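Worksheet: one structure, shown below.
The values are calculated or read from the model by the stated rules, or taken from the named source; none is laboratory data. Quick caveat: nothing in here was measured; it's all calculated off a predicted structure. Positions of Cβ are generated from backbone atoms using ideal geometry, with glycine treated the same way; all protein chains shown enter the neighbour counts. Areas reflect the complete protein model, heavy atoms only, side chains present, ligands, DNA and RNA absent. Shrake-Rupley method; radii C 1.70, N 1.55, O 1.52, S 1.80 Å.
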Amino acid sequence: MFTLHSDDIQTNPDAASSRPVSQPVPTKTSRRGPVLIVEDDEDHADLLKATIEDLGYRVDWAANGREALAHIEETPPSLLLVDLFMPVMGGIEFLHVIKRSPTLSAIPKAVMTTANDQMIAVKEDVIVLHKPIDFATLTDLLEQHCERAETVA
């Protein structure tokens, strides 16, 4: 199990403002769905959820792959952020189930790991976010695949 500490998400406010603005890449899934964090460490999930919500996106959380599958049927996400090592149904098994479904396989997926194994990206057709998660990389991923939640003025 991995633990995300407040310093695990590297922020660089200058990096976000200096990045070129890129056009989102259309996907086969809805950009309106929430980001679904699939993570058994509640503290890690809470920190990641707060960070993403602060950027203006809706976020849901599932503690393992089985909970995530049930959640996806009710509320299809625009992006999955998946921890690899979880109880009940781990990230690899969850990704295999998603991959076998023509509908679910179109959902963009990113795994969060400290492992330095790039084979997971090729084998599972996912984006790899290495812990500590780089803030600019996370922001780019969200901008590419998700639509910000409506804000009430």
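Quick one: go through region 61-90 and flag any residue whose amide nitrogen is under 19 Å from the point 7 Å out along the Cα-to-Cβ line of D46. Counting backbone N atoms under 19 Å from the label point, the list is 61-64, 83. Between K99 and T114, full extension at 0.36 nm per residue minus the direct alpha carbon distance yields a gain of 3.1 nm.
Order F94, F135, most accessible first, counting only protein heavy atoms with a 1.4 angstrom probe.
Highest to lowest solvent-accessible surface, that is F135, F94.
Backbone amide hydrogens, once placed in the peptide plane, bring I37 within less than 5 Å of D60, W61, A62, L81, excluding anything fewer than 5 places away on its chain.
Which order do M112, M86 take by accessible area at a 1.4 Å probe, largest first? Could you put the intermediate results ahead of the total?
Details: M112 0, M86 25 Å².
Ranked list, largest accessible area first: M86, M112.
For D43, the solvent-accessible surface computed with a 1.4 Å probe is close to 110 Å², ligands and nucleic acids excluded.
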